[in-house]
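Only one structure is covered here, and it is reproduced in the block below.
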């Protein structure tokens, strides 16, 4: 009887060892999935706070682009302004059509809850002002 009892004890120990290994693998996979989900949520929040959908920003327009996007559902125009912020950081925004059409490289732009304001810096009043100044000197 003792020999049979020893064999059961060994089988039981092997079963416990296999269960522990399986539990370790399952926990590792669950932890990896949790980490991946957390990183995706953090990235989504970062994009929402600082991405193309920013609503409050200020800076200088350093580039303006218009791209045609083709998909199976059709075409659309994608408008982007590259802004250099007050601290020197650069970021893109997706402006409404009226803002995009009025915006020019070199202009200051400020956006907040009340709307979007475009202006020329005091030292550079834009192409129209330069032309007027040049014709006035002649």
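Using Cα-Cα distances under 8 Å and only pairs 6 or more residues apart, what relative contact order does segment 19-119 have, in percent? It comes to 25 percent, rounded to a whole number.
Model label points for residue 54 and residue 118, set 7 angstrom from Cα along the Cα-to-Cβ axis, are 1.8 nm apart.
Laboratory data are not the source of any read-out in this text; all were calculated from the coordinates shown. Note that the structure is predicted; figures quoted are calculated from it, not measured. Reconstructed Cβ throughout: ideal geometry from the backbone, glycine too, with neighbour counts over all protein chains shown.
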